[in-house]
Each structure stands twice: as C-alpha cells, then as structure tokens.
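First up is the structure itself, then whatever we jot down about it.
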Amino acid sequence: MKLDKVSSNPKRWYDDACGTALAMELVGERWSLLIVRELMFGARRFGEIKAGLSGISANVLTQRLDGLERAGILSKRRLPSPANVQVYELTEWGYQSETAIQELGRWAVRSPAHDPSLPLSPASLMMSFRTMIDRHAAAERPMTVSLEVTGEPFVARVDARGIAVERGIVSAADLRLTGATTAFAAVIYGGAPAEGLLTVDGDKALFDRFRTLFPLPAKIATP
C-alpha cells in the first residue's frame with residue numbers, strides 16, 4: 001500500500017523575503033488551500049472537512065490542520081454539550097485569504113485545462129458563486145436563495161455587493177434550489193437544463209436570471 005508523504009519540516013522552503021514566497025510556505029502544501037476553502041463558510045468537524053476533500057487521507061488532513069493552526073490561519077475548539085465535538089474554524093486572518101482564493105480561481109479557470117464537470121464539494125460550489133458573480137447584473141434584481149447542495153443547506157443573498165453565502169436555512173426565500181453539486185455546476189456553468197437535475201421552487205424567470213449571474217471568463221488562447 002502506498003503511503004501519503006507528509007511534510008512536517010518547519011524549515012523554510014524558499015528563504016525568500018517575498019510575500020508570495022511566504023504565502024506558498026503557509027498554504028502551498030497539497031490540500032492546505034482547499035482546507036481553507038472548506039472552512040470559509042463556518043466551523044466544520046474533522047469528518048466534514050475530509051468529506052469535502054476527495055482523496056485526502058486522515059493522516060494528511062491531521063498534519064495540514066496542525067500546520068494551519070500553527071500558522072495562525074485556523075483554530076480549533078470544542079462545541080458545548082450536547083454536541084461535545086471538536087471543530088475547526090478560520091481565524092479572522094484566515095478569513096482574509098478569501099480574496100486571494102477568489103483571484104486565483106478566477107485566473108485559473110481561464111485555462112483550457114479547467115473542467116467544470118469534475119467533482120466538487122458544496123463549499124467549493126459556493127466559493128465559485130462568490131468568485132464568478134457578476135455584480136452589475138446582481139444589482140439589478142436582489143434576491144434571497146435557499147440552496148440545498150448535496151444535502152447541505154446554504155442561504156445566498158444577492159445584491160449590488162455580489163453574493164453573500166452562509167450555511168443554514170431561511171424561512172423566506174425568493175427561490176429554493178435542491179440538487180447535487182455536479183448538477184448545480186452542469187446547470188449554472190455548463191448550460192444544462194435544470195429539468196431532471198435541480199428541484200426549483202419559485203419563479204422560473206427569476207431562476208433563469210439567477211443561473212446567468214455567474215459567467216466564466218474567456219479561455220486563454222493556446223499556441
């Protein structure tokens with residue numbers, strides 16, 4: 001059985017004063033930045049983080065969480081009874097990485113290698129909405145959207161500032177959408193019809209507007 005190689009060497013990788021070099025040392029190891037992404041919408045249990053990262057081992061996840069905690073990017077705490085479980089959450093500084101994550105994502109999807117049909121976690125889908133939102137179009141029709149994505153509930157509020165997303169449910173929503181992450185991606189980014197993929201509860205015209213709020217940037221020209 002092939003074991004995952006885990007790096008625990010605290011020695012600097014680059015010995016370089018550049019902030020970009022330090023950023024790579026903080027979140028550049030495999031899985032680290034994706035762990036931050038998974039925590040961007042609130043505290044999560046170990047198993048919940050692992051479920052959102054297909055292919056990561058428990059050993060590697062433990063090492064990465066420890067490293068991010070030492071760096072001051074996340075912290076852990078124990079929920080009170082009756083839950084009485086440990087959760088991980090971003091620090092204030094950790095949350096400030098969202099802009100960088102969005103810019104990296106916006107830059108990377110211009111590559112012809114980007115395949116939106118690949119699996120993605122609910123948090124990844126929500127981050128993609130936060131990244132790709134057309135703020136000018138969003139300002140024209142504010143709305144509150146309830147989303148149940150692969151069994152995980154989110155609330156999205158669309159307005160001139162973009163789209164704010166949080167975990168949870170809302171009693172009053174303009175739209176209620178239910179489906180798997182791959183179904184959402186196929187409809188929103190792939191242009192697939194919603195019928196048979198998503199359950200849409202609400203005004204169809206409003207849904208048609210919502211699905212156009214997340215245009216992908218043009219691909220780069222290849223040689």
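Is there a residue being assigned to a strand (DSSP E or B), more than 17 Å from MET127 (Cβ to Cβ) and either within 18 Å of the chain's Cα centre (by Cα) or small (Gly, Ala, Ser) (or both) anywhere in segment 200-211? Among the residues of segment 200-211, at least one is assigned to a strand (DSSP E or B), more than 17 Å from MET127 (Cβ to Cβ) and either within 18 Å of the chain's Cα centre (by Cα) or small (Gly, Ala, Ser) (or both), which makes the answer yes. Can you spot a residue in segment 98-111 that is surrounded by 13 or more Cβ atoms within 10 Å (Cβ to Cβ), among the charged types (D, E, K, R) and over 30 Å from ASP159 (Cα atoms)? Within segment 98-111 (the criterion being surrounded by 13 or more Cβ atoms within 10 Å (Cβ to Cβ), among the charged types (D, E, K, R) and over 30 Å from ASP159 (Cα atoms)), the answer is no, since none of the residues qualifies. Of the residues in segment 92-112, at least one is in a loop (DSSP other than H, G, I, E, B), of a type in the set (D, E, K, R), outside the structural domain of ALA185 (by TED's automatic domain parsing) and modelled with pLDDT of 95 or more. Restricting segment 122-180 to residues that are surrounded by 19 or more Cβ atoms within 10 Å (Cβ to Cβ) and touching an Asp or Glu at 6+ places or on another chain (Cβ under 6 Å) leaves a set whose member that is farthest from ARG37 (Cα to Cα) is MET143. For segment 69-91, the set of residues classified as at pLDDT 95 or above, outside any strand (DSSP E or B) and farther than 12 Å from LEU39 by Cα consists of GLU69, ARG70, ALA71, GLY72, listed by residue number.
Answer with yes or no whether GLY42 is modelled with pLDDT of 95 or more, over 14 Å from the mean Cα position of the chain (by Cα) and at positive phi.
Details: modelled with pLDDT of 95 or more: yes; over 14 Å from the mean Cα position of the chain (by Cα): no; at positive phi: yes.
Taking the combined requirement at face value, the residue does not satisfy it.
Go through segment 107-130 and give me each residue that's more than 19 Å from ILE49 (Cα to Cα) and not acidic (Asp, Glu).
From segment 107-130, those more than 19 Å from ILE49 (Cα to Cα) are 107-117, 129-130; that's our starting set.
Within segment 107-130, TRP107, ALA108, VAL109, ARG110, SER111, PRO112, ALA113, HIS114, PRO116, SER117, PHE129, ARG130 meet the criteria.
The values are calculated or read from the model by the stated rules, or taken from the named source; none is laboratory data. Everything numeric in this text was worked out from a predicted model, so none of it was measured. Heads up, the Cβs are rebuilt from the backbone with ideal geometry, glycines too, and the neighbour counts pull from every protein chain shown.
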